[in-house]
Each structure stands twice: as structure tokens, then as C-alpha cells.
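Take a look at the structure set out below.
The values are calculated or read from the model by the stated rules, or taken from the named source; none is laboratory data. None of the values given here were measured: they were computed from a predicted structure. Ideal geometry is used to build each Cβ from the backbone, glycine not excepted, and the neighbour counts take in all protein chains shown.
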Amino acid sequence: MLPVDALSPLDGRYASQLADVSSAFSEAALIRARVRVEVEWLICLASHTAIPGIAPFTTGETASLREIVNQFNGTDAERVKAIEARTRHDVKAVEYYLAEHLASLGLADRVPFLHFALTSEDVNNLSHALLMANGVRGAWRSRATALIETTRDLAVATRSAPLLALTHGQPATPTTLGKELAVFVARWERQLAHIDRQEYLGKCNGATGTFGAHLIAYPDAPWEEISRGFVEGLGLTYAPLTTQIEPHDWIAETCHGLIRFGQVTLDFARDMWTYISRGVLRQRTVAGEVGSSTMPHKVNPIDFENAEANLGLASALLDHLALKLTVSRLQRDLSDSSALRNLGSAIGYSAVALASATRGLGRVAPDHDAMMRELDDHWEVLAEAIQTVLRAHGITEAYEQMKLLTRGARVEPNELRDVIASLPLPDDARTRLLELAPATYIGMADDLVRHVIK
């Protein structure tokens, strides 16, 4: 199928951007994860003397079994799918596929211990946890890191570049571009720290979480100890109390973490769009690129608009998955199975958005002349500084005096300096105010950027 024939833009328009996300969450990746879980469970069983029915594997046999996973490719995935077409059961198809391999390795006597005492959900919950751990910590995080680092670099470079702030869309106390970018870096890093701390849980305890089949077969085996060691050996956190399914609360936590990171990014994309609209950020032109089909002059902030759209899709999917997956009727229903297959899509839309925002950021540069023009057009923003100094020297109704002069009015620099010259202030205080301009009224904005410098 050609990309232009794809139903989803993730597999069509954006496919070239998402090879790593696709390889982390594809059907083939899920099948491979199932193969890994089944192989490792078989190896685990054979390693315990409390399960005498299966002979231990030699070092060579263990290596051969793990090579089934290491060498697993598209052809192998198609073989599993062909078996599934007959069995109409995806996990059982993996078991039969591995039975073929065991026979070819001269290990047919171990086939009865494939999928031993497991329910399909023992395999599936662990497989989805492995996909999530790999996909979030790998493909998704690499894009999050790229966005943070690109923004950090620009924040440091523009830490002293004065910028007119807008609160409620109106001129307000000036800041610096770098400080405003640093705010986003700090917000992202906090959310990323939460995501990095996320546990990826797994269970392996049978049809209703009781080890019933395990105990009836080998009553003296320490099944919970075996299960814990197996799950932790996969790099996951052991969940001791479950129904047939691992409850998916950790998936909801992960989804909500990704949503929060995405919402910070959405805020960032809209702010960058607005700075471009104001002209304080200019976009680099690209040869051959067209901004409008009819207006040749246009250079549109399409990367930030693309990020906004895809963040919305990601958040909608992630929120639905977080809410849906934590609810299951009694010991289980199957609705989680179809929902889980969309985790890759949700993370894919997020990955597209992060890459778009990073690309957009790489095309912008501050227009210092435009920034200065904005500041010079709004000397009224110094009213805050003046009334605060007046207050500091015990002058009553300082706020009210400046309000009469500046609220809703355009104030010329000379007019403001004449007012300052007439104020009953000590010479040093008056001098500080007379030397002040919107471009220099930035407080310690440039110094605050140090909080995001590595």
C-alpha cells in the first residue's frame, strides 16, 4: 500500500517521520513482544527445580530460544498472522508458531510447557507494557528532548533580549524573550521527570489472578516468587493483585503525563504563533516553499499550527484511553483489548506534534528592531515602576496618581520624564526612574534563565 492510500495520516502523510514510533507500536512489534514473553516464560519455568516436568535448557539451547526473538522479522510476523487466520486467536497463534520452532530445534519435548498455566492476558499485558516502555522512553522521549534542548538554546541566546509582555492581551511589564522561553523549558522538564519516574506494571498470575492452574499442577512451587522474578526480569514492575487483567492504572498515569506535557507544548505553540503574528519573531524562508496559493508574500507558521492540531488529537485519544482502560467489568471484559491497540496512534500524534514544534522553532529568530519598536510604543508600562518607588518613599495615592496619567492612554517618553522630574523623591530614586526605559525595565529576567542552564 502506498502512503497516499493510507487511511490514517500517521501511516500516510506522516509515515516518513514516524518510522521509530511505528516500529515500537506496530502489530509486528506486538507479536514480537508476545514471542519474547512466551520464550522467557518457558526459560523461566525450566530454570526452577520446583517444576520438575520440564528439563533445564543448556546454555546453547537458551541462546537459540532467545535468537527466535532477536531474529524476529516481518516474515515471522506474517507466519504468526497466517496461523492466527486459522486459529482466530492471536496469542494462541504465537504459541503454535513457537511450537514449530521448538520442533526444529529438537526441543519438541518442551512444547507442552509453552504458554503453561498462562491466560492470554498474562502475555498481552506484559507485551503492551514492553511496547509502552520502549516507545515512550525511546521514540517519544527523543522528540520531547529535542524540543526542550532547542528551546533551551534559544532561551539562553535571548536571555537579555527585551520583550514587551502582554497580560490579558494588553501591554504589561517588560520581560525578555529568553526568560519566557525558559518558563516552558522548566515546565517541560518537570513533566518529563514525572514521565521518567513512571512504573510499567505487569502481572503473570493466571485466568483470574489466583495462580489456580499453577498450583493445581505444581502445588509446592513458589509461584508468586517465580512470577515476580519473571516480570521483573522483563524490566517491569510486578503487580501482585489483579483480576484476569492488570488494571491498567499505570497506563492511565502515563497517558495523563503525556497529556500534561502536550498541554505545555500547546501553550508554547500558541505563544510562538502569537510572537510571529506580532512580528517579534521572524521565520526563515525556504527556497521553493509556498506560504499561500494566492498571496506570494506569506510565510505562515504552519509548523506550530500543525503541532496544535496533532496535540489535540493526541490529547483526545490519550484521555479516552486513560478513562476507558481503568474500567473493566468484574474479572474482565474484552473492550480494553481493542483500546490498547490505539496507544501507538495516540503517541504517534504526540510525536508528530513535538517534531513539528521543534521544526518551527528552528525556523524562527528574534527581530530585535521589532521588539524595540513595540517597547518604545508603550512607555506607559513604566507606571508600575514609578508608583512602586513612590510607595517605597511613603507617598500616598501613588497608584491613583499614575492611574490618572496612564490608564488607557498613550504616554510619550518626554511627558513621563517630566512627571518623574516633578515627583517628591530623593535624587537617587529620581535618577533611577529617569534612566529607566521600557527596554531596560526587565527586572532580573535575564538572570532567571540560569535556572534552566545545564
Discussion item. Testing Ala421 on (1) more than 48 Å from the chain's Cα centre (by Cα); (2) under 28 Å from Ala182 (Cα atoms), one condition comes back false. Which one is that?
Written reply: (2)
Discussion item. Out of the residues in the range 245-286 meeting the condition of being assigned to a helix (DSSP H, G or I) and among the small types (Gly, Ala, Ser), tell me which one is nearest to Asp377 (Cα to Cα).
Written reply: Ser277
Worksheet item: Pairs under 6 Å by beta carbon, first residue free of Cβ contacts under 8 Å to residues at least 60 places away in the same chain and surrounded by 14 or more Cβ atoms within 10 Å (Cβ to Cβ) in the range 267-285, partner outside any helix (DSSP H, G or I) and aromatic (Phe, Trp, Tyr), six or more apart or different chains?
Response: none
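Here are Gly12, Gly74: which of them is within 30 Å of the chain's Cα centre (by Cα) and within 30 Å of Asn306 (Cβ to Cβ)? Write out each step before concluding.
Working: Gly74 fails: within 30 Å of Asn306 (Cβ to Cβ).
Only one candidate qualifies: Gly12.
Results for (1) within 30 Å of Val21 (Cα to Cα); (2) crowded, with 18+ Cβ neighbours inside 10 Å; (3) in the same structural domain as Leu181 (by TED's automatic domain parsing), shown as yes or no for each residue.
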{"position": "Leu361", "(1), (2), (3)": "yes, yes, yes"}
{"position": "Ile386", "(1), (2), (3)": "no, yes, no"}
{"position": "Glu397", "(1), (2), (3)": "no, no, no"}
{"position": "Arg407", "(1), (2), (3)": "no, no, no"}
{"position": "Arg417", "(1), (2), (3)": "no, no, no"}
Item to complete: Could you tell me which of the residues Leu147, Leu118, Leu102, Leu154 is closer than 28 Å to Ile251 by Cβ and part of a helix (DSSP H, G or I)?
Response: Leu147
Worksheet item: polar (S, T, N, Q), exposed (fewer than 10 other Cβ atoms within 10 Å of the Cβ) and at negative phi - does that describe any residue in the range 437-445?
Response: no
Response to the item:
Over the range 369-400, the set of residues modelled with pLDDT under 95 and over 20 Å from Thr431 (Cβ atoms) is Thr396, Glu397, Tyr399, Glu400
Worksheet entry | Hits in the range 44-59 - residues which are surrounded by fewer than 17 Cβ atoms within 10 Å (Cβ to Cβ) and farther than 19 Å from Asp220 by Cα | Thr58, Thr59
Discussion item. I need the full set of residues from the range 205-226 which are touching a helix residue (DSSP H, G or I) at 6+ places or on another chain (Cβ under 8 Å) and either in a helix (DSSP H, G or I) or at pLDDT below 95 (or both), in order please.
Written reply: His214, Leu215, Trp223, Ile226
Practice prompt. Give the residues of the range 239-265 that are of a type outside the set (Val, Ile, Thr) and either surrounded by fewer than 22 Cβ atoms within 10 Å (Cβ to Cβ) or not assigned by TED's automatic domain parsing to the domain that holds Gln198 (or both), sorted by residue number.
Written response: Pro240, Leu241, Gln244, Pro247, Asp249, Trp250, Ala252, Glu253, His256, Gly257, Arg260, Gln263
Practice prompt. Examine the range 256-268 for a residue that is of a type in the set (S, T, N, Q), under 15 Å from the mean Cα position of the chain (by Cα) and under 18 Å from Glu308 (Cα atoms), and state whether such a residue exists.
Written response: yes
Worksheet entry | Residue check, Ser160 in the same structural domain as Gly209 (by TED's automatic domain parsing) and assigned to a loop (DSSP other than H, G, I, E, B) | yes
Practice prompt. Tell me, please, whether a residue that is in contact (Cβ under 8 Å) with a residue 60 or more places away in the chain and surrounded by 18 or more Cβ atoms within 10 Å (Cβ to Cβ) can be found in the range 60-77.
Written response: no
Discussion item. Is it the case, given these coordinates, that Val21 is buried (at least 18 other Cβ atoms within 10 Å of the Cβ) and in contact with a Gly (Cβ under 9 Å, 6 or more places away or on another chain)?
Written reply: yes
Worksheet item: Counting just the residues of the range 103-126 that are polar (S, T, N, Q) and out of contact with any Gly (no Cβ under 9 Å at 6 or more places or on another chain), which one comes out surrounded by the most Cβ atoms within 10 Å (Cβ to Cβ)?
Response: Asn124
Worksheet item: For Leu126, are the conditions met, namely being in contact with a strand residue (DSSP E or B) (Cβ under 6 Å, 6 or more places away or on another chain), in a helix (DSSP H, G or I) and either in the same structural domain as Leu258 (by TED's automatic domain parsing) or under 30 Å from Pro222 (Cβ atoms) (or both)?
Response: yes
Worksheet item: Is there a residue in the range 170-187 that is acidic (Asp, Glu) and surrounded by 15 or more Cβ atoms within 10 Å (Cβ to Cβ)?
Response: yes
Worksheet item: Where in the range 340-404 are there helices (runs of 4 or more DSSP H), lying fully within it, with 3 or more residues that are of a type in the set (Gly, Ala, Ser)?
Response: 343-361, 383-392
